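The values are calculated or read from the model by the stated rules, or taken from the named source; none is laboratory data. What you see is a predicted model, and the numbers here were worked out from it, not measured in a lab. Methodologically, a virtual Cβ is constructed for each residue, glycine included, from the backbone with ideal geometry; neighbour enumeration extends over all protein chains shown. Calculation scope for accessible area: heavy atoms of the full protein, side chains included, ligands and nucleic acids excluded. Shrake-Rupley method; radii C 1.70, N 1.55, O 1.52, S 1.80 Å.
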Amino acid sequence: MAEAPAPAPSAEDELATKILRQVEYYFSDDSYPFDDYIKSQEKDGWTPLATIAAFKKMVSYTTDLDVIRSALKASDALDLDEKGDNLKRRYVTPDQDPNKERTVHASGFGVDGGKEAVE
């Protein structure tokens with residue numbers, strides 16, 4: 001007997017997923033270390049939720065801070081303060097990574113014999 005297909009996610013669930021992904025991207029290792037604007041808005045490591053909610057992409061999703069707060073509760077990468085007015089990364093940023101001094105990137109080594117030698 002075949003199982004019934006899972007119900008489609010509700011519009012609210014889809015919106016919450018979009019919000020969560022977008023805000024987590026803003027604070028991701030790929031974006032946050034280079035985002036001088038978000039960093040300039042921080043106070044004691046916390047960024048006002050209203051700052052993030054004012055971004056054009058976020059406004060296209062919703063202007064309701066309660067909807068954004070609710071979506072961010074599911075994050076394993078971000079923390080909201082007790083009032084839900086500020087957020088911050090849960091993990092250390094790459095520019096503050098204590099292992100950074102021991103990390104080496106090596107590139108530019110030639111290969112003798114061309115592509116065939118590698119295969």
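Within the bounds of the range 74-90, is there any residue that is at pLDDT 90 or above, buried (at least 16 other Cβ atoms within 10 Å of the Cβ) and either of a type in the set (Asp, Glu) or in contact with a Gly (Cβ under 6 Å, 6 or more places away or on another chain) (or both)?
No.
Of everything in the range 15-73 that's part of a helix (DSSP H, G or I) and touching a Pro at 6+ places or on another chain (Cβ under 7 Å), which residue is least open to solvent (accessible area, probe 1.4 Å)?
33
Could you please give the count of residues in the range 28-45 that are within 15 Å of the chain's Cα centre (by Cα) and modelled with pLDDT of 95 or more?
Matching residues across the range 28-45 total 1.
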